[in-house]
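J.: Structure incoming, see below.
The values are calculated or read from the model by the stated rules, or taken from the named source; none is laboratory data. Fair warning: this is a prediction, and the values are worked out from it, not measured in the lab. With ideal geometry, Cβ positions are generated from the backbone for all residues, glycine too; neighbour counts draw on all protein chains shown. Keep in mind that these areas ignore ligands, DNA and RNA; they rest on the heavy atoms of the full protein, side chains included. Shrake-Rupley method; radii C 1.70, N 1.55, O 1.52, S 1.80 Å.
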Amino acid sequence: MLIRIVRNPLEALPKAVYDAPLTHTEFLGRQRFHVMDPALIQETLVGNADALEKGPELRRSLGPALGEGLLTANGAHWKWQRQSAAPIFRHDRLQTFLPAMLEAASETRDRWLQLPPGSEIDIGDEMMHTTFDIIVETMLSGHGNIDVARVARGITQYLEATGWLFAMSLLNLPEWMPYPRRRRTETSSRYLRGTIGGIAAARRSAGSQTGDLIDLLLQASDPETGRTMTDDEITDNLLTFITAGHETTALALAWSFDVLSRQPQPYTDRILAEIEAVTGGGPLEPAHIGALSYTRQVFQEVMRLYPPAPIIARVTTKPFTLAGRPVPVGSMVYVPIYAIHRHKMLWDRPEEFDPERFAPEPSKARHRYAYMPFGGGPRICIGSGFAMLEGVAILATLLRGVRLTSLAPQPPEPRMRLTLRPAKPLMMRVEPRG
Ligand code: HEM
């Protein structure tokens, strides 16, 4: 079981997660619940939100890099950080980020168009680069002097070690225990915190007022104590937003191009026809993105099959009951999004790609918690609106400019490293769309 957890936690899921509403097992003396039924998920994540915390495994795997930022914190410390960051994700503010999203997508397209036709690209790397540019531009008001490639590499190297950190935490092994590539992981974490911490400190002394995420965090004050954030806490959050805010969207996009390239041409043709109808043949403008409803359906369907955050994990701090079963304090509660999105009771032909599932009528008929790429309850993704705009803007810009073809004959195995990554790089051939 531990080997499976390190190799790919999706393989360690009980078999019943694809057809049962709830499973209850014991592992290393701890009660484990996997919740798949949408009504039970709602009861867990919303009804019993105050009985749940992010588990120690998450904090042990991510804590060294992300400290106690928004993703990893609990209780009151989580709440004031969430309230402090919220204004930047309001609907009107999100719209102002669209020019940066479209510009980064166009830069990627233009870079590809400079390559000799038929060149091979790693679409995963390319999307990381594009979404990284966007997150830094929108949240931090630009790159400053960050070494973008090195920061992105540091994040990838760090995430690669999380399987070990996760398993070691499950086994209660001491913090000093060695694990493969430990030194590289620690160097990455130190580099990331040093670089991003430098930005936070420089902005504090410059006293700038751009209204970006750094300013919001610098101005935030805890409603209970009145204190403000230290540079270390600001670093926790900037790194959290940079990591959570680019990696997930990049993966959803990379999977999208791979899935589309394996489908019959009419799927892509319909997206292209929608873009032409909405733009009238002119350039894609921010105002067009909301009207690209079929493109959005495709993006949603890809995130059903390949949810970038495939499992939500919690530990219980108060007892409650679920479907008549007692859930004692200290239980592990999992919401396996990947399995819910392929569950036999919730989806017709669950393994098949079909964007019609997200047309208005079928979407309305579906339980809110049968499809949850962004999670649910108070800890729902703060960046979901941002990610949807960004995903559609990038898909539309790139599909319109180039033709992408997957080189591997079979779709790659999805492997969980906190996020859902392809087991091998997704190599694609890129050609101008004539
Ligand atoms: C397709 C893209 C994305 C997916 C699939 C995704 C998914 C998720 C999920 C499932 C959670 C909840 C985790 C849990 O309950 O344990 C989450 C939380 C979070 N996400 Fe996203 N996310 C995406 C994009 C973004 C973006 C663009 C940002 C920031 C700009 C972001 C920032 C965060 C943060 C800060 C949290 C923690 C929120 C909290 O605990 O209050 N995410 N995300």
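J.: From Cα pairs below 8 angstrom and at least 6 apart in sequence, can you work out the relative contact order of region 294-420, rounded to a whole percent?
T.: 33
J.: Related question: Placing +1 on the Cβ of each Lys and Arg and -1 on the Cβ of each Asp and Glu in the chain, which of L292, V35, S331 has its Cα farthest towards the positive end of the resulting dipole?
T.: Value: S331.
J.: From the P(r) of region 145-265, could you give the percentage of C-alpha pairs in the tail past 18 Å?
T.: Here the long-distance tail beyond 18 Å is 65 percent of all Cα pairs in region 145-265.
J.: Once you keep just the Cα pairs under 8 angstrom separated by 6 or more residues, what percentage relative contact order results for region 254-322?
T.: It rounds to 33 percent for region 254-322.
J.: Go through region 13-26 residue by residue and turn each phi into a ³J(HN,Hα) via Karplus (6.51, -1.76, 1.60, θ = phi - 60°); whole Hz please, and just put x for glycine and proline.
T.: 5, x, 4, 5, 5, 8, 9, 10, x, 7, 10, 9, 9, 10
J.: How large is ³J(HN,Hα), in whole Hz, for each residue of region 359-374 in order, when computed from phi with the Karplus curve 6.51 cos²θ - 1.76 cosθ + 1.60 and θ = phi - 60°, using x for Gly and Pro?
T.: Here the 3J(HN,Hα) series is 5, x, 5, x, 5, 5, 6, 8, 5, 3, 9, 8, 10, 8, x, 9 Hz.
J.: Return, for the Cα atoms of region 278-346, the radius of gyration and Dmax in Å, separated by a comma.
T.: Rg, Dmax (Cα atoms, Å): 19.7, 60.
J.: Looking at the chain, what % of the alpha carbon pairs are farther apart than 39 Å?
T.: For the chain, the share of Cα pairs beyond 39 Å comes to 18 percent.
J.: Now for a separate question. Sort region 329-434 into rounded, prolate or oblate with this rule: let a ≥ b ≥ c be the square roots of the eigenvalues of the Cα gyration tensor; rounded if a/c is under 1.5, and if a/c is not under 1.5, prolate when a/b is larger than b/c, oblate otherwise.
T.: Cα axes put region 329-434 in the prolate bin.
J.: Normalised by the number of residues in the chain, what is the relative contact order in percent for Cα pairs under 8 Å and 6+ residues apart?
T.: Dividing the mean separation by the residue count of the chain yields 28 percent.
J.: For region 67-179, what class follows from the C-alpha gyration tensor (a ≥ b ≥ c being the square roots of its eigenvalues): rounded when a/c is under 1.5, otherwise prolate if a/b is larger than b/c, else oblate?
T.: Taking the square roots of the gyration eigenvalues as a ≥ b ≥ c, region 67-179 is oblate.
J.: Then there's this: I need the calculated FRET efficiency for the pair E361 and R183, taking r as the beta carbon distance and R₀ as 56 Å, to the nearest 0.05.
T.: Computed FRET efficiency for E361 and R183: 0.55.
J.: Between P414, G376, V430, whose Cα lies farthest towards the positive end of the dipole of region 292-434 when Lys and Arg beta carbons carry +1 and Asp and Glu beta carbons carry -1, centred on the Cα centre?
T.: G376
J.: Another question, then. Quick one: putting +1 on the C-beta of Lys and Arg, -1 on the C-beta of Asp and Glu, what dipole do you get for the chain around its Cα centre, in Debye to the nearest 20?
T.: Dipole of the chain, to the nearest 20 debye: 1120 debye.
J.: Here's a follow-up. Which helices pass in the chain if a helix is a full DSSP H run, must span at least 20 angstrom along its long axis by Cα, and must have mean Kyte-Doolittle hydropathy not below 0.5?
T.: 384-401
J.: Restricting the count to DSSP beta bridges whose residues both fall in the chain, what percent are antiparallel, rounded to a multiple of 5?
T.: About 90 percent, rounded to the nearest 5.
J.: Once neighbouring chains are kept in place and the probe is 1.4 Å, which whole percent of the accessible area of region 215-298 is contributed by carbon and sulfur?
T.: The nonpolar share, carbon plus sulfur, comes to 54 percent.
J.: Also, quick follow-up: Using 0.36 nm times the number of residues separating A287 and L113, minus their current alpha carbon distance, what extension gain do you get?
T.: Length difference between fully extended and current span is 60.1 nm.
J.: Going by a ≥ b ≥ c, the root eigenvalues of the Cα gyration tensor, does region 255-310 fall in the rounded group (a/c under 1.5), the prolate group (a/b larger than b/c) or the oblate group?
T.: oblate
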